[in-house]
Each structure stands twice: as structure tokens, then as C-alpha cells.
């Protein structure tokens, strides 16, 4: 019997950690007639955020966001939400929490997919002696950078619950582990210093973590076939892998379905959220196939070099404008040369700098609406300014990064 096996462990009002799981960094305004739960509010706050909207123009694996039939980062989080919510509902877990984590888990993903992530990480290591990884950056976006209007038209941070924020930073799907169980301690999330360091704090977070892997290995194969990345022999090999556990399996959609059912059948609170040995082996084999034949395909090499060129040139252009207390002046002097990049970056800085540090004029008018964390202070150091550049670039879509790059090379 696969139904509702985890109902007694769900992140619901009867959970002993309920108060901590639903706690927010700051008090969130309420409405007397609101019918949503805390996690449902988180879901809609993410859904209305600009970071979520930008996912539709961010690469998942294949750089072609103008192709309507290629998976983008937005479609990916939708797949993860579908897979994880189906599993959570069957097991008796909180589907509203599961859905919120799923659509928010990649909000801080860089442009140009994982290649963009690696490029920004190299820049962060070189200039700030720190790493950049999208799980941590997604938490940074929902905690410090993404803004929403309150009922009085003031821009404030998303202010999500602990359970959703935790599910976002702990979702790393690159680790080949099985039998996922939530950790016992609900410690501050700053203790996550690398991907996959700790398990999620909830069973719902564990479900999203395994659903992320199920979603991407299947969809990436479909795109690779449609784009001609896999030859006939490779496709036949995949078909054999598909039939390893199901003689009727014809494609990766069936594999994904079988894995979802297997998780629901195999998982119990004592052993965790898990696949049976045969399906776990199949998942690892497909993932290894994807890395060998898709993610490291030679046809992706020009894209990787192009992504590096675009990100590096944007970074260097903005870095060259840092001049200590005169930084706002040097930026202003370049508005006519770079009429898209510089005003956009100035606006970014204005939202996260102390009001007193912002020059008079339109930037102050924009800043006056923002009652959020001022993570850049008064731009007191080059390190803070570099962090601002990396934040700015990491939030870009592929298409916007290319747009401002073309501005750099057009005279």
C-alpha cells in the first residue's frame, strides 16, 4: 500500500517543528480575509517574483531559449513541481510546501546553465576567494535580492518560511544518494557552505531533491534527441536501458513514471525517500550516460566559450567603473556609451545601497520605494562592489546578457 505512508511526518500543523518551519526572517503583512496557508503564500510570492519570470529565458542544458521546443529553466522547475507534488500527495506529505520549494529551487541559477554557474564561480574565487553555487545563490536571491511590492507599493524582500528556504538551499541533485531522510537540527541556513552538505529539514524537501534528478535526466535526453546530439546507436542503447526494468518501456517518459511509482512503493519513514536497488541503479546509469554523451558533447564547446566571453566582458566593463567614492560618477559618465547596461546596473545598486549613499535624482526616487535589506551598504569596498556585479550577472537571463554584451562591442 503506497498511500499516505508519511502522513504522520508531514510538515503540517501537528508537526512538532511547525513553528520553526513556518517562521519567517521578518513579520509578513497579513489580510483578514486571506485563505492561504503559509506555504501557499510562499508559492504565490515566488510565482510573482521577477526571478521566477526570468527562468523562461535561462538555459537548462541547451542554449536555445528562442526555440519553443527546448527545455528552459522555467520548464524544468515545472517538471520538478509535477514530479515532486505527485510523490508528496501519494505519500501524504504537504503538497503546498513541496510545490513552493520546487518552483523556487533554481531562482538563483546563472544565465547559460551550469556553464554560467562555473564561470561566475571562477570569478568569485579569483576576486573574492569564495565559491558560487546556484543552490546558495537561490537562497541569497529569496533572502536578500528578490523584491515584491507590499500593499503600500513599497518593495520588500520575499521573506519566505524556513521550510521553503531550507528546501531551496538543500536541493542539490548531483549527489548520488538514496534513502533521503530529513536532518534533525533546524540550524541557521548560513551553515550550508557547499552543495549537498546537509539533508533537507523536511520530508518534502527530500522529495523535491530526488524529483529534481528524475525531472532533468529524462527531459535532457528528449532535447538531445530532438537536436540531433544522439546517434542511432546511442538511442538504441537508451532504449535497452529503458527496458531493463520494464519490457514495455519505450522512452524516458515511461522511465520517469516508473521511478515515481517505485519511490512511492519503496519509501517508508524508517528507510527514507528512496528508489529500489534496480531503479536506483537505472537512474545512476542514465545520469552517467547523460554526462558522457550530452553534457560533455563537443557540440556544446562553442557555447561554453561564448558564455565565458559574454560573462567576462560584462564583468570587466562594470569592474572598470569602480572608483571608490567616485563610483557613481564614473557609472554616470558611461550612460550614453552603454545606455542599457549602465542604467540597469545603477538601478540594481540603488535598490540595495543605503539611501544616503545614492546620488540625487531618479535613482533616489527608485531607492525611496525600497524598504529591503541594504546588502551593499554604501559601496564601501571593492569587494562589496564585485559582489554586486556577480549578483547582477547571476540574475540575468541568457538573452539579456547577450543584449548588453552586444552593446559592449557595438560602436
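The values are calculated or read from the model by the stated rules, or taken from the named source; none is laboratory data. Just so you know, these numbers come straight off a predicted model, no measurement behind them. Virtual Cβ from ideal backbone geometry, glycine too; neighbours counted across all protein chains shown.
Data overview
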item: Candidates 173, 205 - the one that is in contact with a helix residue (DSSP H, G or I) (Cβ under 6 Å, 6 or more places away or on another chain), closer than 25 Å to residue 136 by Cβ and modelled with pLDDT of 95 or more; result: 205
item: Some residue of region 151-158 being on the phi > 0 side of the Ramachandran plot and touching a helix residue (DSSP H, G or I) at 6+ places or on another chain (Cβ under 9 Å); result: no
item: Helices (runs of 4 or more DSSP H) completely within region 26-97 that count 3 or more residues being free of Cβ contacts under 8 Å to residues at least 40 places away in the same chain and either within 21 Å of residue 114 (Cβ to Cβ) or in contact with a strand residue (DSSP E or B) (Cβ under 9 Å, 6 or more places away or on another chain) (or both); result: 73-91
item: Residue in region 244-253 that is assigned to a helix (DSSP H, G or I), at pLDDT below 85 and either at negative phi or outside the structural domain of residue 78 (by TED's automatic domain parsing) (or both) present; result: yes
item: Selected residue (criterion: nearest to residue 402 (Cα to Cα)) from residues of region 302-322 that are modelled with pLDDT of 95 or more and loosely packed, with under 14 Cβ neighbours inside 10 Å; result: 309
item: Of residues in region 9-21 being in contact (Cβ under 8 Å) with a residue 40 or more places away in the chain and surrounded by fewer than 20 Cβ atoms within 10 Å (Cβ to Cβ), the one nearest to residue 98 (Cα to Cα); result: 12
item: Where residue 363 falls short, out of the listed (1) surrounded by fewer than 18 Cβ atoms within 10 Å (Cβ to Cβ); (2) within 27 Å of residue 159 (Cα to Cα); (3) in contact with a helix residue (DSSP H, G or I) (Cβ under 7 Å, 6 or more places away or on another chain); result: (1)
item: Odd one out for residue 286, checked against (1) surrounded by 14 or more Cβ atoms within 10 Å (Cβ to Cβ); (2) under 29 Å from the mean Cα position of the chain (by Cα); (3) modelled with pLDDT of 90 or more; result: (3)
item: Conditions (1) at pLDDT 95 or above; (2) part of a loop (DSSP other than H, G, I, E, B); (3) touching a helix residue (DSSP H, G or I) at 6+ places or on another chain (Cβ under 7 Å); number of the one not met by residue 2; result: (1)
item: Unmet criterion (only one of (1) within 17 Å of the chain's Cα centre (by Cα); (2) in contact (Cβ under 8 Å) with a residue 12 or more places away in the chain; (3) not in a helix (DSSP H, G or I)) for residue 193; result: (2)
item: Residues of region 12-25 satisfying the condition of being in a loop (DSSP other than H, G, I, E, B) and under 22 Å from the mean Cα position of the chain (by Cα); result: 22, 23, 24, 25
item: Qualifying residue in region 125-132 (condition: assigned by TED's automatic domain parsing to the domain that holds residue 167, in a loop (DSSP other than H, G, I, E, B), surrounded by fewer than 19 Cβ atoms within 10 Å (Cβ to Cβ) and more than 15 Å from the chain's Cα centre (by Cα)); result: no
